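Contents: one structure, followed by commentary.
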Amino acid sequence: MSFGISKSDGQDFLNNLQNEYNQYKTTDPNKFFLTGKLAQALFFNQQEIKAFALLRKDLEIAEKLNDPKYAAYLNTVLAINQLIDEKETYSKQTILKAKGLADRSKDMEIKGYVYYGYGWILSRQQQEVEAVKQFLIALSYLDQAKNSKTLNNRKASVYKELTSIYANWNEFDLQEKYSKLALDLAIEQNDPATIFDSYMSLGYMYEQKYLDYRAENRYRDL
């Protein structure tokens, strides 16, 4: 899992997150979404032991709250990083726990994030058919969610995963559909890096299609 930044920038990012995290009280549930970002930054900086310790510490608090969305979110972050750390059995147990918590929650965005996480894990275990099912469930929840600072990024993450799988399956129409949806979100958010990546992805897709069907000039002219 990468933030797409240099090592020095990554350390600065980590320090900023740590300082922001430290401003919250231990039991303040508003900090738990920052916990996930901080844990990922720790992983990026090869501080896996600290990342796991942080997640487990805050999970112990989150699991005592009446609203299960916080524990669902943190368990999903934990499950993803357990898989990256090659702890497949633990990862499966953790993501299933996250799903159970998410199903009890009324927060549509968290439901979507958890099912995205489950799909992400399945796709990296070569279970792409089941992964697609989970990604589509994730989108069904995200499409019902209230607008937030994180909603479009989470939708874009699902679109990218679906684009990749449909590319593997040579399902051109579906690959094109989700590539364009990702591009539309990037334009809406005025995100130059993602806009560039999306156009590059679409350009490569059309190039491959034209090479396969040279008589179809429409692919060349898109």
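The values are calculated or read from the model by the stated rules, or taken from the named source; none is laboratory data. From a predicted model like this one, the values you see are computed outputs, not experimental measurements. When we count neighbours, we look across all protein chains shown, and the Cβ atoms used for this are built from the backbone with ideal geometry, even at glycine. Protein only, heavy atoms only, side chains kept; ligands, DNA and RNA dropped before computing areas. Shrake-Rupley method; radii C 1.70, N 1.55, O 1.52, S 1.80 Å.
The condition of being over 14 Å from the mean Cα position of the chain (by Cα) and either polar (S, T, N, Q) or open to solvent by 30 Å² or more (accessible area, probe 1.4 Å) (or both) does not hold for R124. Within segment 134-163, the set of residues being among the hydroxyl-bearing types (S, T, Y) and either assigned to a helix (DSSP H, G or I) or crowded, with 21+ Cβ neighbours inside 10 Å (or both) comprises S140, Y141, S157, Y159, T163. The number of residues in segment 164-191 being out of contact with any Leu (no Cβ under 8 Å at 6 or more places or on another chain), of a type in the set (A, V, I, L, M) and surrounded by 15 or more Cβ atoms within 10 Å (Cβ to Cβ) comes to 6.
Here A131 qualifies as touching a helix residue (DSSP H, G or I) at 6+ places or on another chain (Cβ under 8 Å), in contact (Cβ under 8 Å) with a residue 24 or more places away in the chain, hydrophobic (A, V, I, L, M, F, W, C) and open to solvent by less than 10 Å² (accessible area, probe 1.4 Å). For segment 1-100, the helices (runs of 4 or more DSSP H) that sit wholly inside it and include 2 or more residues that are open to solvent by less than 60 Å² (accessible area, probe 1.4 Å) and of a type in the set (S, T, Y) are 69-84. Residues that are at pLDDT 90 or above and hydrophobic (A, V, I, L, M, F, W, C) within segment 1-47 comprise L14, L17, F32, F33, L34, L38, A39, A41, L42, F43, listed in sequence order.
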